[in-house]
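To start, the structure itself, in structure tokens.
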Amino acid sequence: MLTRTSVSAAERRLFSELHQILTRPGLIRGSVVEMGRTCGTKGCRCKRSAAQRHRALYVAVNVQGKRRMLYVPQEWEDRVHEWVDRYGQVRAVLEQLSQACIRRLQARKE
């Protein structure tokens, strides 16, 4: 069993960073997608050309094994961006921890 002192300072720093990330609320594994959409108003500019469509933000996620596009209301945009970014941060730290454990295994060092 590994003790705190047997793990390198770099690994302890990574575990601490992971803990700090995970203590903040919100985490989404998905991609933020900006799309143009048309509204129902007659004569609106969005009906004339694709370049003038209204901006809409979605997050592409897997729900029960199927890819879904979930609409993100304007007041939630910053929050959803943070949640998606946070998931990326977690993945990056986990990858670094995994590489450190692989190096330890290769060196046969506890």
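The values are calculated or read from the model by the stated rules, or taken from the named source; none is laboratory data. Note that the structure is predicted; figures quoted are calculated from it, not measured. A quick note on method: Cβ atoms are made from the backbone with ideal geometry, for glycine too, and the neighbour counts reach across all protein chains shown. Just so you know, the surface numbers come from the protein's heavy atoms only, side chains and all, with ligands and any DNA or RNA stripped out. Shrake-Rupley method; radii C 1.70, N 1.55, O 1.52, S 1.80 Å.
Computed from the C-beta positions of VAL33 and GLN99 and an R0 of 41 Å, the FRET efficiency is 0.85 to the nearest 0.05.
Give me the 1.4 Å probe accessible area per residue for the chain, excluding ligands and nucleic acids, in Å².
Details: 8410 Å² over 110 residues.
Per residue, the chain has an accessible area of 76 Å².
For the options ALA50, ALA60, ALA100, a Gaussian network treatment of the chain with springs between C-alpha atoms closer than 10 Å singles out ALA50 as fluctuating the most. Result for the chain in a Gaussian network model with C-alpha springs under 10 Å: among GLY65, GLY30, GLY88, the largest mean-square fluctuation is at GLY65. When +1 charges are put on Lys and Arg Cβ atoms and -1 charges on Asp and Glu Cβ atoms, the dipole computed for the chain relative to its Cα centre reaches about 480 debye. Spin-label model, SER16 to ARG67: label points 7 Å out along the Cα-to-beta-carbon direction sit 4.1 nm apart.
Out of the total accessible area of the chain (probe 1.4 Å, heavy atoms of protein only), what percent is carbon and sulfur? Each step should come with its number before you reach the end.
Values: 4350 of 8410 Å².
Solvent-exposed carbon and sulfur of the chain make up 52 percent of the total.
The modelled label-to-label distance between ASP78 and ALA50, using points 7 Å beyond Cα along the C-beta direction, is 3.3 nm. Relative to the longest principal axis of the Cα atoms of the chain, the long axis of helix 77-107 makes an angle of roughly 30 degrees. The label point for ASP85 and the one for ALA9, both projected 7 Å from the Cα toward the Cβ, are 2.9 nm apart.
Per-residue Karplus couplings for segment 37-52, computed as 6.51 cos²θ - 1.76 cosθ + 1.60 with θ equal to phi - 60°, are listed in order as 9, 9, 9, x, 7, 5, x, 6, 4, 5, 7, 6, 8, 5, 5, 9 Hz, Gly and Pro entered as x.
Mean-square fluctuation check for the chain, GNM, Cα pairs under 10 Å: which of HIS54, HIS19, HIS81 is largest? Between HIS54, HIS19, HIS81, it is HIS54 that shows the largest mean-square fluctuation. Helix 9-22 versus the longest principal axis of the chain: what angle, 0 to 90°, nearest 10, using Cα atoms? It works out to around 30 degrees.
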